[in-house]
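No lab work stands behind these numbers, since they all come straight from the coordinates. These numbers come from a predicted model, not from an experiment. Quick reminder, even Gly has a Cβ in these numbers, built from the backbone with ideal geometry, and neighbours come from all protein chains shown.
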Amino acid sequence: MSEVIVFLFAAAIILVGAIGVVASRNPVHSALFLVQTLLGVAVLFILQDAHFLAAVQIMVYAGAIVILFLFVIMLLGVDKTEDLEVEPIAGQRPLAAVVGAALLGVGLTVVLVAADGVTGARQSTGVGERALDNGATDVERLGRVLFSEYALAFEITAALLTIAVVGAVVLTRRVASADLLPDPEPGSLELPPLAPAIDEEEH
Amino acid sequence: MILALDPLFLDDIGLSIVLIALLKVGLAFVIVLISVMFMVWFERKVVSDMQHRIGPNIAGPWGLFQTLADGLKLLMKEDLVPDRSHRFVFKLAPFLAIVPAFLTFSIIPIGGNFESKDGAINLWGHDTFLQVADPPVGILLFLAMSSIAVYGVMLAGWSSGSKYPLLGSVRASAQMVSYEAALGLTIAAIVLQTGSLSTHDMVVDQATGGLGWNVPNWNLIATGFVPFVIFLIAGTAELNRPPFDLVEAEQELVGGFHTEYSSFRFALFFLAEYLNTITMSAIIVTVFLGGPAGPVLIERIDWVWGIVWFLTKLFVFLFSFVWFRATLPRFRYDQLMDLGWKILIPLSLGWFLFLGARNIGADQGWNRWAVVAVAPVVGAAAAALLMAAVRTARSERLSQEVDSHG
């Protein structure tokens, strides 16, 4: 019973946030609604005993990614309403409607038509239930699975992220001015002439 | 086996257990508020001592009630909301700063008998830990909350609708996000050492075992001092305290992100700042110095000693933070970023790998001293290769630039 109550509260928070993201005109408000949605999802993770995922959800998404969004919004000063008449990419809006409808259709199909139906019960087969894992916390189980079965995928993801970071640095790093040019040799410097020394005796 | 669960909740949960839990929450709240009051007074007193001034001495004995008087004054003042501000966000921001500060304190064990009872004490026939909560994610809650705290600072500056606060908040959030990485990496080293995320388990781990000769098994020693130093520096930067207080550099930014705030909302920011200082000190004590673990001197009042040890250790760090403020000049912003990204993060990452190598060596039964000798050599070689690569790339880029300019 308590699980249902918590779920309903969290779902309400998530949905209000999600609607707020698309409905609010100010990009900063959108970002804040996004944080609300992410925190609601973290509550759902805790409800499923996935404490680690919840903590990571808050740290990575709410703590890093949305902060970056806000940072860009604040630095670029785009915190104004955009003109909705302008369509940056031709045919974007009808396409978005089609894709959205398709996604909704897929989601509804999963919920309504899937063979077992979606019960909301916890998954009780597979990885987490082997004798080795009994009694371990979710952190231990995740670690064990990540570094054994999915080690290759994990490493590839790590390499991908590193490549992305290096690529971003390489693409953005342009020496635009003479800031980074080596200092001229001391001998070749043309110093302005020194101020004439004041002759003490004249005073 | 369920790890890291307060023994209080192992039995059936009745009224008395709910009351004890509520009592702990209430007590933590009151203790934190009182300690903030004390901390503000303490900071002003110590700083004035170091500057040969007297400091607050009118309100109450030794000026002890000065903070209370200041707080009352702030509550009585007019609550200003600037015309150009975003009203809702402007009002929301102080609460976003204060709530994470309170929540972080809930994972800190402030007492308990770690000598014979694994940190539990007996309250009216129920065993319980002296900490508000012991969630399985433990120390990650601290990292999560410190990333949420960035929102308070960032939104306060943005919503004020004024230039200086915006500059201050951009600085603050960039600084906090940068130093969170170093904090996280040192926390990872601690987790590697302890094998658990729970703060309670960390204290238990440090209370047992060790080198012998009465040397405590503190993570400070077990992880080899470097993570401790990194954590202390990164923690000070995360708190925006001097020498990293560019956020509110008065000469440049008026008051920083809270320039436009007054009255109760300013008081909330002020409270959050000092709360964070106390919590950060408590986190350092917990993860590096064994928290409340220590000898029980008189068995009959065993619950007292944990609190005594905890407060003693906490006091050392509270004093150090004040000391930093009184003696160190402020960093320049580019120095701050260089220190964070180019020194602390690589160093903590390298040290983390070193600790990992040591653990693998222990698992495989390699000679401990050989591992300790070889690992730094490998690390140094890797660092030298990396630096050589950076240097080559830089000189190549420079020669290209020179060609294109010439």
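Some observations on this one:
- Centroid-to-centroid separation of region B:281-301 and region A:1-34 [C-alpha atoms, Å]: 42
- Here the label points at A:Ala164 and B:Asn367, each 7 Å from Cα along the C-beta direction, are separated by 4.5 nm in the simple model.
- Amide H contacts of B:His126 (H built 1.01 Å from N, under 5 Å, at least 5 apart or other chain): none
- In a reduced charge model with +1 at each Lys and Arg Cβ and -1 at each Asp and Glu Cβ, region B:91-245 shows a dipole moment near 660 debye about its Cα centre.
- Above-threshold pairs, the threshold being 27 Å between Cα atoms, out of B:Lys163/B:Lys342; B:Lys45/B:Lys73; B:Lys24/B:Lys91: B:Lys163/B:Lys342; B:Lys24/B:Lys91
- Computed from phi, the 3J(HN,Hα) profile of region B:98-109 under the Karplus parametrisation 6.51, -1.76, 1.60 (θ = phi - 60°) reads 7, 5, x, 4, 5, 4, 4, 4, 5, 8, 8, x Hz, with x in place of Gly and Pro.
- Oblate is the label for chain B. Its Cα gyration tensor axes, ordered a ≥ b ≥ c, give a/c of at least 1.5 and b/c at or above a/b.
- Sites excluded, chymotrypsin sites (Phe, Trp or Tyr not before Pro) in DSSP loops with at most 16 other C-beta within 10 Å, longest stretch of chain B: B:226-365
- Chain B, relative contact order [Cα under 8 Å, separation at least 6], %: 20
- If R0 is 22 Å, the Cβ-Cβ spacing of A:Phe154 and A:Val106 corresponds to a FRET efficiency of close to 0.20.
- Sparse-neighbourhood loop sites, trypsin sites (Lys or Arg not before Pro) in region B:300-376 - DSSP loop, at most 14 other Cβ within 10 angstrom: B:Arg332
- Rounded to the nearest 20 debye, the dipole magnitude of region B:41-87 is 40 debye, with +1 charges on Lys and Arg beta carbons, -1 on Asp and Glu beta carbons, and the Cα centre as origin.
- Whole-Hz ³J(HN,Hα) from phi, Karplus 6.51 cos²θ - 1.76 cosθ + 1.60, for region B:379-393, glycine and proline x: x, 5, 4, 4, 4, 5, 4, 4, 5, 4, 4, 4, 5, 4, 4
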